[in-house]
1. Out of Arg119, Arg159, report the one residue that is part of a helix (DSSP H, G or I), in contact with a Pro (Cβ under 8 Å, 6 or more places away or on another chain), open to solvent by 40 Å² or more (accessible area, probe 1.4 Å) and under 20 Å from Ser91 (Cα atoms).
2. Could you say whether any residue in segment 56-66 is farther than 13 Å from Thr11 by Cβ, under 21 Å from the mean Cα position of the chain (by Cα) and touching a residue at least 40 places away in the same chain (Cβ under 8 Å)?
3. Filtering segment 122-156 down to residues that are hydrophobic (A, V, I, L, M, F, W, C) and outside any strand (DSSP E or B), which residue is farthest from Trp103 (Cα to Cα)?
4. Here is a check on your reading of the model: is Asn77 at pLDDT below 90 and outside any loop (DSSP other than H, G, I, E, B)?
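The values are calculated or read from the model by the stated rules, or taken from the named source; none is laboratory data. Quantities reported herein were computed from a predicted structural model and do not represent experimental measurements. Neighbour counts are summed over all protein chains in view; Cβ atoms, including those assigned to glycine, are modelled from backbone coordinates with ideal geometry. Heavy atoms of the whole protein, side chains included, go into the accessibility calculation; ligands, DNA and RNA do not. Shrake-Rupley method; radii C 1.70, N 1.55, O 1.52, S 1.80 Å.
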Amino acid sequence: FPYYVYSDDFTRNAVAEQRSWGGQLTGVEALEAEKLEDRLFVEADGVFAFSERIRRRFTIVPGLDLSSVHVAYPGANFSDPPPEVSVLTRSARPTVLFVGKEWERKGGPCVIEAFKRVRVRVPTARLVVVGPQTPVAGAGVEHVGYLSKDDPEHARRLRRLFEEAWVFC
């Protein structure tokens, strides 16, 4: 029967870039995981990647036809859909929201550099950073830290941040 794979990363990529969990695998573990994943990707009826960057990285999978790999960006993953958000719900200040625990891997430093350029044109803009434990600082940057969707108070706060944001990054 047909099946599809939705991926934000894969072993062969993580090992090649020696980052995150990929750099922690033994040689045998990496080879076994790569062999399994390669077969899953090649035999799938389609592969969905979280980003264009990850889609391009699929070129390193032997035998995979890149035309079967498509980008399907992730969105907010709340268990229940948020209510309609009106312009009145948004923050009065132009707000960019970044949510992700892996600041470096998810392009956090690039976000900071881009946000500096935004602040030149929109001095009142703010960047709200949720996820990383290590503080993130800069003009207009608000570091919230980690919020767990499993904690009711954290979930309410995260939902409120999504509702206030003008842009998600």
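1. Details: Arg119 fails: in contact with a Pro (Cβ under 8 Å, 6 or more places away or on another chain).
Unique residue meeting the criteria: Arg159.
2. No, every residue in segment 56-66 fails to be farther than 13 Å from Thr11 by Cβ, under 21 Å from the mean Cα position of the chain (by Cα) and touching a residue at least 40 places away in the same chain (Cβ under 8 Å).
3. Top of the filtered list is Val122.
4. Details: at pLDDT below 90: yes; outside any loop (DSSP other than H, G, I, E, B): no.
So Asn77 fails the test.
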